[in-house]
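To start, the structure under review is shown below, and the notes come after it.
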Amino acid sequence: MLHLNTRPEPMEMDPRYAAVVVVDMQNAFASQGGMFDLAGFDISPAARVIGVIRSLLAAARGAGMKVIYLQMGYKADLSDSGGPDSPNWHKELSLVLMRNRSCRGNLLTEGSWDFAIVDELRPCPGDWVVPKSRYSGFAGTDLDSQLRGCGIRHLFFAGIATNVCVESTLRDAYFLDYWPILIPDATMQAGPAMLQRATVDNVENHFGWTLDSQAFLRSFAG
């Protein structure tokens, strides 16, 4: 068992039954020329976040923890987007931009550069890659059944965007009785810094726990 100095209170967990969930670390969200960059979001923190996540994954894999990648995107014909009768069609950024033709090509479609996970964080053999077409990694996927099949109970969250796909997946994890732990400095919000603070506050007070990356690494070094 590992002791973690999580906030707002510490906890213990067995790394054999824990996983790191890497949310949407794709070119669309983290790279220059990707969807977020083209839409005017500040992606300057992304390089730092990528570095932090790399160190987390090295420690997690060394401890035998499962690593799970969530990958946001759609089929080329957008048949899994929900269509005009779905709120997803009207709110999800890539669908809005493609429909308005304000950005080039088919954003976030399978096989595109935008869809690809950034080179620095390419999955390793044995990692899970879970495609999704909604903000939450649990919506319309088999993530829950895969986790339960391995007895995983504790989930560490990293990725983009803190206040959208990361928080959406974390909340669903909480509702499904997993123990969600957000690593704030391994995440980046979409929008102003107040949105990052809001998610951290929501997690610590209502939906889980937080742990900074250095504390995570110290837990596995001891």
Every listed condition ((1) buried (at least 16 other Cβ atoms within 10 Å of the Cβ); (2) out of contact with any helix residue (DSSP H, G or I) (no Cβ under 6 Å at 6 or more places or on another chain); (3) assigned to a loop (DSSP other than H, G, I, E, B)) holds for Asn202 save (3)
Residue pairs meeting the criteria (Cβ under 7 Å; at least 6 apart or on separate chains; first basic (Lys, Arg), in the stretch 5-16; second surrounded by 13 or more Cβ atoms within 10 Å (Cβ to Cβ)) | Arg7/Glu204; Arg7/Trp209; Arg7/Thr210
Report whether or not Leu97 is buried (at least 21 other Cβ atoms within 10 Å of the Cβ), modelled with pLDDT under 90 and more than 17 Å from the chain's Cα centre (by Cα).
-> no
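The rows are residues; the columns are (1) out of contact with any Pro (no Cβ under 9 Å at 6 or more places or on another chain); (2) closer than 28 Å to Met1 by Cα.
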{"site": "Ser133", "(1), (2)": "yes, no"}
{"site": "Phe138", "(1), (2)": "yes, yes"}
{"site": "Gly159", "(1), (2)": "yes, yes"}
{"site": "Asp177", "(1), (2)": "yes, yes"}
{"site": "Pro180", "(1), (2)": "yes, yes"}
{"site": "Leu211", "(1), (2)": "no, yes"}
What about Ser81, is it of a type outside the set (Val, Ile, Thr) and in a loop (DSSP other than H, G, I, E, B)?
-> yes
Of Gly140, Gly151, which residue is assigned to a loop (DSSP other than H, G, I, E, B), over 29 Å from Met35 (Cβ atoms) and of a type in the set (Gly, Ala, Ser)?
-> Gly151
Has the stretch 44-59 got at least one residue that is in contact with a Ser or Thr (Cβ under 8 Å, 6 or more places away or on another chain), touching a residue at least 40 places away in the same chain (Cβ under 8 Å) and closer than 23 Å to Asp144 by Cα?
-> yes
Could you check how many residues of the stretch 10-44 are crowded, with 23+ Cβ neighbours inside 10 Å, in a helix (DSSP H, G or I) and in contact with a strand residue (DSSP E or B) (Cβ under 7 Å, 6 or more places away or on another chain)?
-> 2
Qualifying residue in the stretch 117-135 (condition: assigned to a strand (DSSP E or B), closer than 21 Å to Ser44 by Cα, touching a residue at least 40 places away in the same chain (Cβ under 8 Å) and of a type in the set (Asp, Glu)) | no
Taking the stretch 188-222 as the search range and keeping residues that are of a type in the set (A, V, I, L, M) and farther than 18 Å from Leu56 by Cβ, which one is nearest to the chain's Cα centre (by Cα)?
-> Ala190
Failed condition for Ser112, given (1) of a type outside the set (D, E, K, R); (2) in contact with a strand residue (DSSP E or B) (Cβ under 9 Å, 6 or more places away or on another chain); (3) assigned to a loop (DSSP other than H, G, I, E, B), with all others met?
-> (2)
If we ask which residues in the stretch 142-183 are over 10 Å from the mean Cα position of the chain (by Cα), acidic (Asp, Glu) and under 15 Å from Val23 (Cβ atoms), their number turns out to be 1
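Taking the stretch 64-75, which residues are of a type outside the set (D, E, K, R) and exposed (fewer than 15 other Cβ atoms within 10 Å of the Cβ)?
Result: Gly64, single match.
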Quick one: which of Val52, Val67 is touching an Asp or Glu at 6+ places or on another chain (Cβ under 9 Å) and assigned to a strand (DSSP E or B)?
-> Val67
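The values are calculated or read from the model by the stated rules, or taken from the named source; none is laboratory data. Being a predicted model, the structure only gives us computed values, none of them experimental. As a convention, Cβ positions derive from the backbone with ideal geometry for all residues, glycine included, and neighbour counts pool all protein chains shown.
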